[in-house]
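The values are calculated or read from the model by the stated rules, or taken from the named source; none is laboratory data. The structure displayed is predicted, hence computed values, not measured ones. When we count neighbours, we look across all protein chains shown, and the Cβ atoms used for this are built from the backbone with ideal geometry, even at glycine.
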Amino acid sequence: MTEQSPAIRVLMMPRETNAHGTIFGGIILSYIDQAGAVGAIEAGCKRVVTVAMNKVEFHQPVFVGDLVSLYTSVEKVGRTSVVIHVDVRARRQRGAGEEISVTEATVTYVNIDDAGSPVPIAG
């Protein structure tokens, strides 16, 4: 795996909470997809579609006020596809403000043209 690069940083807001008062998992999944796309573009893709996201397990909850940072690294570049690892960390605003690992995922993207057909990744 290559060095991690910061892709997105987001402050979690009350509108993103579930009935338990924590951030919806689907919100985090959406940010994973967006961060992975940023990583794919940095890897040479122009326009991407998501093909697959591996198993995602949430190790810690995310709370309102947490600053969530998503970091990416390139795992593999193929002819028309790229595999991006996304690491999700939350900096707690309450307590000591420590940054903890929340989850991670590996996402596969395909580089496409305007018609939606796969095209080679510029090297």
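Those residues that are farther than 25 Å from V77 by Cβ and surrounded by 19 or more Cβ atoms within 10 Å (Cβ to Cβ), I need them from region 97-112; list them, please.
Answer for region 97-112, where residues must be farther than 25 Å from V77 by Cβ and surrounded by 19 or more Cβ atoms within 10 Å (Cβ to Cβ): just V102.
Is at least one residue of region 21-28 surrounded by 14 or more Cβ atoms within 10 Å (Cβ to Cβ) and out of contact with any strand residue (DSSP E or B) (no Cβ under 8 Å at 6 or more places or on another chain)?
yes
Could you grab me the full set of residues in region 72-84 that are out of contact with any helix residue (DSSP H, G or I) (no Cβ under 8 Å at 6 or more places or on another chain) and either part of a loop (DSSP other than H, G, I, E, B) or touching a residue at least 24 places away in the same chain (Cβ under 8 Å) (or both)?
Of everything in region 72-84, those that are out of contact with any helix residue (DSSP H, G or I) (no Cβ under 8 Å at 6 or more places or on another chain) and either part of a loop (DSSP other than H, G, I, E, B) or touching a residue at least 24 places away in the same chain (Cβ under 8 Å) (or both) turn out to be E75, V77, G78, R79, T80, S81, V83.
Pick out the one residue from V68, V38, V107 that is β-branched (V, I, T), touching a strand residue (DSSP E or B) at 6+ places or on another chain (Cβ under 7 Å), outside any strand (DSSP E or B) and under 17 Å from A7 (Cβ atoms).
Sole residue among the options that is β-branched (V, I, T), touching a strand residue (DSSP E or B) at 6+ places or on another chain (Cβ under 7 Å), outside any strand (DSSP E or B) and under 17 Å from A7 (Cβ atoms): V38.
With the structure loaded, tell me whether R94 is among the basic types (K, R), at pLDDT 95 or above and either surrounded by fewer than 18 Cβ atoms within 10 Å (Cβ to Cβ) or not in a loop (DSSP other than H, G, I, E, B) (or both) or whether it fails that test.
So R94 does not fit the description; no.
Exactly one condition in (1) part of a loop (DSSP other than H, G, I, E, B); (2) surrounded by fewer than 13 Cβ atoms within 10 Å (Cβ to Cβ); (3) in contact (Cβ under 8 Å) with a residue 60 or more places away in the chain is false for C45; which is it?
(2)
Can you say whether V56 is modelled with pLDDT under 95, within 22 Å of I84 (Cβ to Cβ) and surrounded by 14 or more Cβ atoms within 10 Å (Cβ to Cβ), as far as the supplied structure shows?
yes
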